[in-house]
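Asker: One structure coming up, written as structure tokens, with questions to follow.
Every number here is computed from the coordinates shown, using simple stated rules; none is lab data. Just so we're clear, the structure is a prediction, and the values are computed from it rather than from any experiment. Virtual Cβ from ideal backbone geometry, glycine too; neighbours counted across all protein chains shown.
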Amino acid sequence: ASSNISDALLERDKSESKNTLLQREVKRLQSEREMQVKKSLEERTEIVAMLEQKHALEIETKIAELKHVLTEHTRLKSENERYKNEKIHALKKVKRLETLLQEERGNLRG
């Protein structure tokens, strides 16, 4: 009977030892998993920050390009308006000179 009790106590000790080892392993794995989740979250945060920075730079570049295009458009529009006015002025001058020429021809005939 004493041998059965010794065997039972030995089995209990083995079982408790195995249980302790398994609990340590579970804690280690949980800790490892927490570290992985934390690392993954940090990496995602870095990626999001990089993407935000990239998009902000792209937006700033597009705004600069649009400002340049708008400035160029305004310059060309005013230049076009000036040329249109110069053309009107030149056509009026041509008309005046043609009228003057006709008057002079009429004077020479008359």
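Asker: Rounding to the nearest 10 and keeping the result within 0 to 90°, find how far the Cα-based axis of helix 2-109 lies from the longest principal axis of the chain.
Answerer: Between helix and principal axis, roughly 0 degrees.
Asker: Can you pull the one-decimal nm distance between simple spin-label points at Ser15 and Lys62, each 7 Å off the Cα toward Cβ?
Answerer: Taking the two extended label points, one gets 6.9 nm.
Asker: Relative to the present Cα-Cα distance, how much length would full extension add between Lys95 and Ile5 at 0.36 nm per residue of separation?
Answerer: 19.2 nm
Asker: Suppose we take every Cα in segment 41-110 and form the convex hull; what volume per residue is that in Å³?
Answerer: So the per-residue Cα hull volume is 41 Å³.
Asker: Multiply the residue gap between Asn85 and Glu46 by 0.36 nm, knock off their C-alpha separation, and tell me the result in nm, one decimal place.
Answerer: 8.2 nm
Asker: Here is a further query. 222 nm [θ] for the chain, helices only, -39500 (n - 2.57) per DSSP H run of 4+, per residue, to 500?
Answerer: Mean residue ellipticity, 222 nm, calculated: -38000 deg cm²/dmol.
Asker: How much length is gained on full extension from Lys77 to Val26, taking 0.36 nm per residue of separation minus their Cα-Cα distance?
Answerer: Result for the pair: 10.9 nm of gain on full extension.
Asker: To continue, here is another question. Give me the count of lysine pairs in the chain whose alpha carbons sit under 28 angstrom apart, restricted to pairs 8 or more positions apart or on different chains.
Answerer: Lysine pairs meeting both conditions in the chain amount to 19.
Asker: Add +1 for every Lys or Arg and -1 for every Asp or Glu among the other residues with Cβ under 12 Å from the Cβ of Thr71, and state the total.
Answerer: Residues near Thr71 contribute +1 overall.
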